[in-house]
Amino acid sequence: MTLPPTPVLAVMAAILGLLVAASLASAVISRRRPGPDAENLRLRVRTWWQMVAVFLVALVVGRGVSIGFFALISFLALKEYVSLIPTRRVDRRVLFWAYLAIPVQYLLVAMEWYGMFLAFIPVFCFLLLPVRMLAIGETGGYLRAAGTIQWGLMTTVFSLSHAAFLLILRLADDPGRAVGPGLVLYLVLLTQLNDIAQYLWGRSLGGPPVAPKVSPNKTWAGFVGGVASTTLLGTLLGPLLTPLAWPASLAAGLIIGLGGFVGDLNISALKRDLGIKDSGSLLPGHGGILDRVDSLTYTAPLFFHFVYVLFRWSTYTGQVQWPGWP
Amino acid sequence: MALSPPEAPYPAWLRRLFFLLLVRPVLALILGVNVRHPQHLPRQGPALVVANHNSHLDVFVLMSLFPGSLMPRLRPVAAADYFLSHGLLSWFARRVLAIIPIERDSRPGRRDPLAPVEAALDAGRIVILFPEGTRGEPETMGPLKHGVAHLLQRRPGLSCTPVVLRGLGKALPRGEALLVPFCCDVAVGEPLPWDGDRRRFMAALQERMAALLAELPSSGWE
């Protein structure tokens, strides 16, 4: 086990400091204005502590554990999704195979097999899961079943696994530098803070909603304020945590701000379609795991491909993946 | 009473270990069981816990709702014709789960099928009972059999706690051997008092369980 670089550890300490502040604020609110809101805040902060603790420990312990952490997130998210959507009883076996895509996809990450990592779910699962369905032969609801299962795999496994692939990247020109933990911390921290910033700006300024039919409480003020805050914070943290200089960090912050917003709306539309408020109850005060990683399903692949084209990368086994701009 | 003495000679540490190392981790990770109102569960015996039945997993979920310290006091009621049908299953059902086997077809002339259940209650056990009598169609609740009412009529002071389970019939339905992960929900209701009339009591129980089911997110097959 080698510790992440000092700036990464410093930001981790700052996150813990933020949580201490949140706990204190929550305790003060509970004392001054006790009620269901205060209780919900207390639960929310307590769950934040647990999530942050697991995430930071996974990140510090090492690459294998961090990859396993994201595999677990994908599993919990896919399970929640599969439990929410209408499924056909005949597809139990198909769903079982869909679950098996998770260990395969994260094994591909650990093997650093970039081409197959990109192709496995969009190409191979897309083509082969229907073969299992054809073997069963039930055609009533075929398209809906095939479509919803693939959508779930793309959202909860393929997209989220990009966060894990960041962990194995090394700069071709500076292979000794461990950039993975910093990139992942940057991505996850900004994505979560973006959610919070959009909520806080929206609550304090109000105003007209951006997408009234999908999510009436997401206002323009929240959207613009949130994206601006995330872009600013991204610009400041990028040079500290990642190999990105400040202009690229600004762009990365903007991508995470915008992507996070769309990812959030994407899952909101799914929940509205299914007629539910929370995707589950795994995380007290937050709802389900999909409610927490909704933004990340967009920001992880978008941020990954953004940094991927900016540098010449190698991985731990030494293949150069991207030749760089000519 | 060769079938089931009230104190079945099973080692309690075996089931505690089995639940700690296998059942609880599998339920937590593979399924993820969300429990509503666990405060209504009985904390001591004698007590009756009745639940809807869709899956072989039901009994494991119900037993794991209780703390390890109460584990030796739990006795699930199960059909003798199925669970004592062959050696290994019978050993597991009797020794590890400590089931109370009962005869499902109570023809006239047979001995009282509820006698072993009463004996367990007299010994201060928490008895788990599936009044539907069978797992039936996945994720639908069938009519309840009247054994519960008979028990309460004979022991009017007994508490009867209804519990409903959802999602387990998708994870492992009847006739399937492949466990597929699905989130599962459990709701525990307030204990139902005996009101002196069998039919009225069964109607109230059915109604209470239907209301609890309505509280949970729906999870039927398409």
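The values are calculated or read from the model by the stated rules, or taken from the named source; none is laboratory data. What you are looking at is a predicted structure, and each value in this text was computed from that prediction instead of being measured. Here the Cβ positions follow ideal geometry from the backbone for every residue, glycine too, while neighbour counts run over all protein chains shown. To get the accessible areas, we keep the full protein, side chains included, count just its heavy atoms, and leave off ligands, DNA and RNA. Shrake-Rupley method; radii C 1.70, N 1.55, O 1.52, S 1.80 Å.
When a/c reaches 1.5 or more, the comparison of a/b and b/c decides; with that in mind, is chain A rounded, prolate or oblate per its Cα gyration tensor?
It comes out oblate by the Cα gyration axes.
Using each residue's phi in the range B:94-101, evaluate 6.51 cos²θ - 1.76 cosθ + 1.60 at θ = phi - 60° and report the 3J(HN,Hα) Karplus result to the nearest Hz, with x for Gly and Pro.
After applying 6.51 cos²θ - 1.76 cosθ + 1.60, I find 7, 7, 8, 7, 6, 5, 9, x Hz.
Quick one: what Rg and Dmax do you get for the protein assembly as shown from the alpha carbons, in Å?
Here Rg and the maximum Cα pair distance are 27.0, 93 Å.
HN-Hα J couplings of the range A:272-286 from phi, Karplus 6.51/-1.76/1.60, θ = phi - 60°, integer Hz, Gly and Pro as x?
5, 4, 7, x, 10, 9, 10, 6, x, 9, 5, 10, x, x, 10
Do any of A:Lys79/A:Lys218; A:Lys218/A:Lys271; A:Lys213/A:Lys271 go past 18 Å between their Cα atoms, and which?
Among A:Lys79/A:Lys218; A:Lys218/A:Lys271; A:Lys213/A:Lys271, the Cα-Cα distance tops 18 Å for A:Lys79/A:Lys218.
Kindly provide the helix-only [θ] at 222 nm of the protein assembly as shown, computed as the sum of -39,500 (n - 2.57) over DSSP H runs of four or more divided by all residues, to the nearest 500 deg cm²/dmol?
-17000 deg cm²/dmol
What are the lysines whose alpha-carbon lies under 27 Å from the alpha-carbon of B:Lys145, with same-chain residues fewer than 8 places away excluded?
B:Lys170
Check every DSSP H run in chain B and write down those whose alpha carbon atoms cover 15 angstrom or more along the long axis and whose mean Kyte-Doolittle hydropathy is -1.0 or greater.
Once both thresholds are applied, what remains is B:198-215.
Non-local amide H neighbours of B:Ala78 (under 5 Å, H modeled in plane, Pro and chain starts lacking H): which ones?
Here B:Ile100, B:Ile102 satisfy the definition.
Once the principal axes of the Cα atoms of the range B:38-140 are found, what is the range along each, listed largest first in whole angstroms?
Principal axes ranked by extent give 40, 33, 27 Å for the Cα atoms.
Between A:Gly222, A:Gly152, A:Gly140, find the one with the highest GNM mean-square fluctuation for chain A; connect C-alpha pairs within less than 10 Å.
In this elastic network of chain A, the residue with the biggest mean-square fluctuation among A:Gly222, A:Gly152, A:Gly140 is A:Gly140.
Determine the dipole magnitude for the protein assembly as shown: charges of +1 sit on the beta-carbon of Lys and Arg, -1 on that of Asp and Glu, nothing else is charged, the reference point is the Cα centre, and the result goes in debye to the nearest 20.
860
Assuming a ≥ b ≥ c are the square roots of the Cα gyration tensor eigenvalues, decide whether the range A:1-100 counts as rounded (a/c under 1.5), prolate (otherwise, with a/b larger than b/c) or oblate. Could you put the intermediate results ahead of the total?
On the way: a/c = 5.48, a/b = 1.31, b/c = 4.18.
Judged from the Cα gyration tensor, the range A:1-100 comes out oblate (a/c at least 1.5, b/c at or above a/b).
Which residue, A:Val184, A:Val131, A:Val65, tops the fluctuation ranking in a GNM of chain A built on C-alpha contacts under 10 Å?
In this elastic network of chain A, the residue with the biggest mean-square fluctuation among A:Val184, A:Val131, A:Val65 is A:Val131.
Counting only Cα atoms, I'd like the Rg/Rh figure for the range A:125-222, Kirkwood definition for Rh.
Taking Rh as the inverse mean 1/r over Cα pairs, Rg/Rh reads 1.18.
Determine the shape class of the range A:62-167: with a ≥ b ≥ c the square roots of the Cα gyration tensor eigenvalues, call it rounded for a/c under 1.5, and otherwise prolate if a/b is greater than b/c, oblate otherwise.
Prolate, since a/c reaches 1.5 and a/b exceeds b/c.
Under a 5 Å amide H to amide H cut-off, with H placed in plane at 1.01 Å, what residues pair with A:Arg88 once short-range neighbours are removed?
B:Glu222
Short version: ³J(HN,Hα) in whole Hz for each residue of the range A:103-118, in order, from phi by Karplus 6.51 cos²θ - 1.76 cosθ + 1.60 (θ = phi - 60°), x for Gly and Pro, what are they?
For the range A:103-118, the Karplus curve yields x, 5, 4, 6, 5, 4, 5, 4, 7, 6, 9, 4, x, 6, 4, 6 Hz.
Taking H as built 1.01 Å from N, whose amide H comes closer than 5 Å to the amide H of B:Asn34, not counting residues under 5 places away?
For B:Asn34, the qualifying residues are B:Cys184, B:Asp185, B:Val186.
Whole Å is fine, so just give me how far the alpha carbon centre of the range A:197-236 lies from that of the range B:72-96.
Centre-to-centre distance over Cα atoms comes out at 58 Å.
Any idea how far the Cα center of the range A:94-123 sits from the one of the range B:166-222, in Å?
Cα centroid of the range A:94-123 versus Cα centroid of the range B:166-222: 37 Å apart.
Would you mind computing, in nm to one decimal, how far apart the modelled labels at A:Val309 and B:Ser90 are, each placed 7 Å from Cα along Cα→Cβ?
Here the answer is 7.0 nm between the modelled labels.
Need one number for the range A:182-326: average projected area of the convex hull over its C-alpha atoms, nm². All intermediate terms of the calculation are to be shown ahead of the outcome.
Values: hull surface 41.4 nm².
Its Cα hull, projected and averaged over all orientations, spans 10.4 nm².
What is the spread of the Cα atoms of chain B along each of their three principal axes, largest first, in whole Å?
So the extents along the principal axes, rounded to whole Å, are 43, 39, 32.
With every protein chain left in place, what is the accessible area per residue of chain A in square angstrom, probe 1.4 Å?
About 46 Å² of surface per residue is accessible.
What average number of partner chain Cβ atoms lie no more than 10 Å from the Cβ of the residues making up B:177-186?
The per-residue average across the peptide is 5.
Restricting to bridges with both residues inside the protein assembly as shown, how much of the DSSP beta-bridge set is antiparallel, in percent to the nearest 5? Mind showing how you got there, number by number?
Values: 12 of 30 bridges.
Bridges in the protein assembly as shown that DSSP calls antiparallel: roughly 40 percent.
Who wins for biggest fluctuation among B:Ser90, B:Ser55, B:Ser159 in a Gaussian network model of chain B, springs between alpha carbons below 10 Å?
For chain B, modelled as a Gaussian network with Cα springs under 10 Å, the answer is B:Ser90.
Over the range B:166-212, one equal point on each Cα, no solvent: what is log10 I(q)/I(0) by the Debye formula at q = 0.13, 0.20, 0.21, 0.24 Å⁻¹?
-0.48, -0.74, -0.76, -0.83
Report the rotationally averaged projected area of the range A:193-274 based on its alpha-carbon convex hull, in square nanometres. Show your work: numbers first, answer last.
Numbers: hull surface 21.1 nm².
For the range A:193-274, the mean projected area of the Cα convex hull comes to 5.3 nm².
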